[in-house]
1. Per residue, how much accessible surface does region 13-76 expose to a 1.4 Å probe? Answer in Å², no decimals.
2. List the residues whose amide H sits under 5 Å from the amide H of His92, counting only those 5 or more places along or on another chain, with H placed 1.01 Å from N in the peptide plane.
3. Would you mind classifying region 162-221 by shape? Square roots of the alpha carbon gyration tensor eigenvalues, ordered a ≥ b ≥ c; an a/c under 1.5 is rounded, otherwise it is prolate if a/b is larger than b/c and oblate if not.
4. Relative to the longest principal axis of the chain, what angle (0 to 90°, nearest 10) does the C-alpha long axis of helix 76-89 take?
5. With label points built 7 Å along Cα→Cβ from the Cα atoms of Arg42 and Asp199, find their separation and express it in nm.
6. Once you charge only the Cβ atoms, +1 for Lys and Arg and -1 for Asp and Glu, what is the size of the charge dipole of the chain about its Cα centre, to the nearest 20 debye?
7. Each residue of region 3-10 in order: what ³J(HN,Hα) in whole Hz does its phi give by Karplus 6.51 cos²θ - 1.76 cosθ + 1.60, θ = phi - 60°, with x for Gly and Pro?
8. Quick one: 3J(HN,Hα) in Hz for region 112-129, Karplus 6.51/-1.76/1.60 with θ = phi - 60°, rounded, Gly and Pro as x.
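The values are calculated or read from the model by the stated rules, or taken from the named source; none is laboratory data. Quantities reported herein were computed from a predicted structural model and do not represent experimental measurements. Positions of Cβ are backbone-derived with ideal geometry, glycine not excepted, and every protein chain shown enters the neighbour counts. What goes into the accessible areas is simple: the full protein's heavy atoms, side chains included, and nothing from ligands, DNA or RNA. Shrake-Rupley method; radii C 1.70, N 1.55, O 1.52, S 1.80 Å.
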Amino acid sequence: MRSASLIPLVRLPRTTGDFSYSIPEGLNVRVGHIVSATFRNRPLLGLVREISDNGPAGITLKPITAIINPEPFVSAEQIALWHAVATRYGVHASVVCRMGLLPLKKTKLAKAELHSLSIIEPTKPKQVVGHWHQNTTEWVEFITRIAEEKTAVIVPEQWQLNQLRARLAPELLAKTIIWDSQLGEKDQFTNWLRLRNGDFQLLLGTRSAIFLPLLGVVKNVVLDFEADANHKHW
């Protein structure tokens, strides 16, 4: 029987690892799906990281009970990146995945309109370059120009985000997503879906925005005010 390796979307110790569940016949589980299952007789949401044609030998697995939404929420490449970040910083993958996912409201997840994910082709990374601006006008001109391709701009503090947003042209502002700690759950849900479905041109955010599912969607990432210590989480 086919099985799936799930990243449980609950806070867990670093050494816990993934959970394996069987895939019932007729359930078309794919990598990137959010699914429901049970863990210690409690309902559990999990992100599918891998699919296997065979379950672990000699172990009877509990089954996945449902696919929350017919479309995967994120790509296999994005999950691999989240997993690598978690390994690098010594936390369970669930911590990074939850930082990068939308609010886990089961009913809303089921109703979310998700476009088919774009195929991520292997490409050489772009060269890291710098841009020096002398004043705010040059700063805004640079962001406006680079946002002709889908771009994420990460700033260290809220006031810098507000300053840039206040100076954008209305046409670009209408195509801009905001991501920061002041967003309520409703706006987080809406903005995350816009990002995931590519319904934007510019993403403005503070440091947590770097964990969003940018792979295959965003063409440029601008780390602004790069020397500012507030880019770090103390």
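1. Values: 3570 Å² over 64 residues.
That works out to 56 Å² per residue.
2. Arg14
3. Values: a/c = 1.40, a/b = 1.15, b/c = 1.22.
It is rounded, given that a/c, with a ≥ b ≥ c, falls under 1.5.
4. 80
5. If labels sit at Arg42 and Asp199, their model points lie 3.4 nm apart.
6. Values: 27 positive and 21 negative charges, 165 e Å.
Roughly 800 debye, rounded to the nearest 20.
7. 9, 10, 9, 10, 8, x, 8, 9
8. For region 112-129, the Karplus curve yields 4, 8, 10, 6, 4, 6, 6, 6, 8, 7, x, 9, 6, x, 5, 5, 6, 10 Hz.
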